[in-house]
Amino acid sequence: IEKRISQKLRELFGSVLIPSLSATVSKPGGDRTGGAMAEAHQLLHELIRYRELMSRPVIAQTLSDERSKLHKQMLKHLENLRNDFERRSETRLRGGDRSDNAAVT
């Protein structure tokens with residue numbers, strides 16, 4: 001049963017989760033707000049749903065490549081968020097542009 005579950009999870013990771021996270025990470029124009037953030041949040045919830053299954057030794061071993069790919073994509077996403085935060089913080093510290101100030105007020 002665990003091998004069958006592993007195969008189903010591998011298919012889910014390969015066809016849905018990893019491509020979705022990759023698309024979120026590489027949004028054109030650096031858009032990591034709104035829709036992109038919602039997508040990443042939904043993907044994390046999807047992973048949490050399978051947490052118990054993925055902790056089982058046979059399944060964890062079978063999905064090691066997929067887990068590694070997801071890990072790398074999540075690290076890229078976090079790096080993008082950090083860079084975006086720092087860019088926005090620097091803009092605000094320098095007085096920001098008109099659009100940033102107008103949105104705050």
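Each value in this text was obtained by applying a stated rule to the coordinates, not by laboratory testing. It should be emphasised that the depicted structure is a prediction, and the values quoted were computed from it without experimental measurement. Neighbour counts are summed over all protein chains in view; Cβ atoms, including those assigned to glycine, are modelled from backbone coordinates with ideal geometry.
Which translational diffusion coefficient, to the nearest whole µm²/s, is obtained for the range 48-94 from the Stokes-Einstein equation, given a Kirkwood hydrodynamic radius over C-alpha pairs, 25 °C and 0.890 mPa s?
Details: Rh = 12.9 Å.
Estimated via Stokes-Einstein, D reaches 190 µm²/s.
Would you mind getting me the FRET efficiency between Glu79 and Ile1? Use the beta-carbon distance for r and R0 = 30 Å, nearest 0.05. Provide the component values of the computation, followed by the final result.
Numbers: r = 38 Å, r/R0 = 1.26.
For Glu79 and Ile1, the calculated efficiency is 0.20.
Starting at the first residue of the range 43-55, write each ³J(HN,Hα) from the Karplus equation 6.51 cos²θ - 1.76 cosθ + 1.60 with θ = phi - 60°, in whole Hz, x for Gly and Pro.
5, 5, 4, 4, 5, 4, 4, 9, 4, 4, 5, 5, 7
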